[in-house]
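First the structure, in the form of structure tokens, and then the observations on it.
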Amino acid sequence: MKITYFGHSCFEVIVNGVYILFDPFIQPNELAKDIKLSAIKADFIIVSHGHADHTADLITLAKQTGATVIANFEIIEWVKKYGIKAVHPMNTGGQFDFSFGTIKSVFAAHSSSLPDGSYGGNPNGYIIRAANKTLYYAGDTALTNEMKLIGEFEDVNLAILPIGDNFTMGIADATIASEFIQCNQIVGMHYDTFPPIKIDHQKAIDTFKEKGLTLQLLTIGQTIAI
Ligand code: NI
Ligand code: MN
């Protein structure tokens with residue numbers, strides 16, 4: 001499983017030859033100005049919730065790539081209004097076996113509305129099980145007790161967690177989340193993009209280290225493999 005960071009909460013995951021894109025927000029993100037939208041490939045686009053910092057480039061990229069959009073029912077209904085036909089609605093707690101692996105939609109504690117103000121349904125995180133690896137992408141979320149269920153029933157190799165505070169959990173809560181999900185390999189997201197979520201990188205890495213956890217803060221465009 002190869003994971004590339006496109007800034008904010010946007011990641012590309014390549015597994016079993018399939019390109020999966022999470023929460024496309026590239027063009028409005030000054031920090032991601034070196035990422036070329038026209039060069040992005042996707043077979044699937046997974047959306048955690050409706051907020052613009054997760055959906056700004058969704059319609060453009062769905063049209064450009066022909067990818068199947070995976071999101072909750074309400075977001076899929078919104079996407080269909082733009083003529084996107086390749087869709088796969090899911091909802092919290094549901095999982096589905098795709099060609100490349102299994103995706104499970106899990107609980108996230110946040111809010112969700114679409115850029116046009118329409119109701120976005122419940123926000124979600126997603127678990128991908130493929131190629132003998134398990135990836136947990138938390139979406140925008142607070143620290144929640146439900147994360148203990150992931151620790152109990154999943155064998156997470158890598159977790160992508162929000163750490164920017166203010167809109168989501170911050171660094172301290174994210175270390176507790178890591179313990180709840182029983183995963184010591186963490187990639188941070190949802191930080192630095194806006195003034196209220198700017199973080200001290202070294203302090204964040206050290207805070208995780210003190211608890212025996214590894215936090216990676218990827219540079220935009222960087223790829224890692226698990
Ligand atoms: Ni949000
Ligand atoms: Mn957000």
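What follows draws every value from the coordinates through simple rules; no lab data is involved. For clarity, every value in this text was computed on a predicted model and none was experimentally measured. When we count neighbours, we look across all protein chains shown, and the Cβ atoms used for this are built from the backbone with ideal geometry, even at glycine.
Amide H neighbours of residue 70 under 5 Å, counting only residues 5+ apart in sequence or on other chains, H built in-plane at 1.01 Å?
HN-HN under 5 Å from residue 70: 45, 46, 47, 88.
Roughly how many nanometres apart are two label points built 7 Å out from the Cα toward the Cβ at residue 210 and residue 34?
3.2 nm
Would you mind getting me the FRET efficiency between residue 194 and residue 131? Use the beta-carbon distance for r and R0 = 41 Å, nearest 0.05. The partial results should precede the final answer.
On the way: r = 34 Å, r/R0 = 0.84.
Given R0 = 41 Å and the Cβ-Cβ separation, E is 0.75.
Considering amide H positions built from the backbone, and no H for Pro or chain starts, which residues 5 or more places from residue 216, or on another chain, come under 5 Å of its amide H?
Counting only residues 5 or more places away or on other chains, the set is 186, 187, 188.
With θ set to phi - 60° and the Karplus curve 6.51 cos²θ - 1.76 cosθ + 1.60, what are the ³J(HN,Hα) couplings of segment 72-81 in order, to the nearest whole Hz, using x for Gly and Pro?
Once rounded to whole Hz, the list reads 5, 4, 5, 5, 5, 4, 5, 4, 5, 4.
Go ahead and run the numbers for FRET between residue 95 and residue 148, Cβ-Cβ distance against an R0 of 25 Å, rounding to 0.05.
Here the calculated transfer efficiency is 0.85.
So what are the ³J(HN,Hα) numbers for segment 210-215, from phi and the Karplus equation (6.51, -1.76, 1.60; θ = phi - 60°), rounded to whole Hz, Gly and Pro as x?
Per-residue couplings from phi come out as 4, 9, x, 10, 9, 9 Hz.
Take the residue pairs 81/198; 85/148; 36/209; 33/209; 81/148; 41/85 and return only those whose Cα atoms are more than 29 Å apart.
Pairs exceeding the cut-off: 81/198; 85/148; 36/209; 33/209; 81/148.
Quick one: Kirkwood hydrodynamic radius for the chain, alpha-carbon pairs, angstrom, one decimal?
Details: mean 1/r = 0.0582 Å⁻¹.
Mean inverse Cα-Cα distance, inverted, gives 17.2 Å.
Restricting to segment 2-225, compute how many DSSP beta bridges are antiparallel as a %, nearest 5.
60 percent
Remind me, relative contact order of segment 2-225 in percent, using alpha carbon pairs under 8 angstrom and six or more residues apart?
17 percent
Using θ = phi - 60° and the Karplus relation 6.51 cos²θ - 1.76 cosθ + 1.60, list the HN-Hα couplings for segment 46-62 in order, rounded to whole Hz, with x at every Gly or Pro.
For segment 46-62, the Karplus-derived couplings read 9, 10, 7, 6, x, 4, 4, 6, 10, 10, 3, 9, 4, 5, 4, 6, 4 Hz, x marking Gly and Pro.
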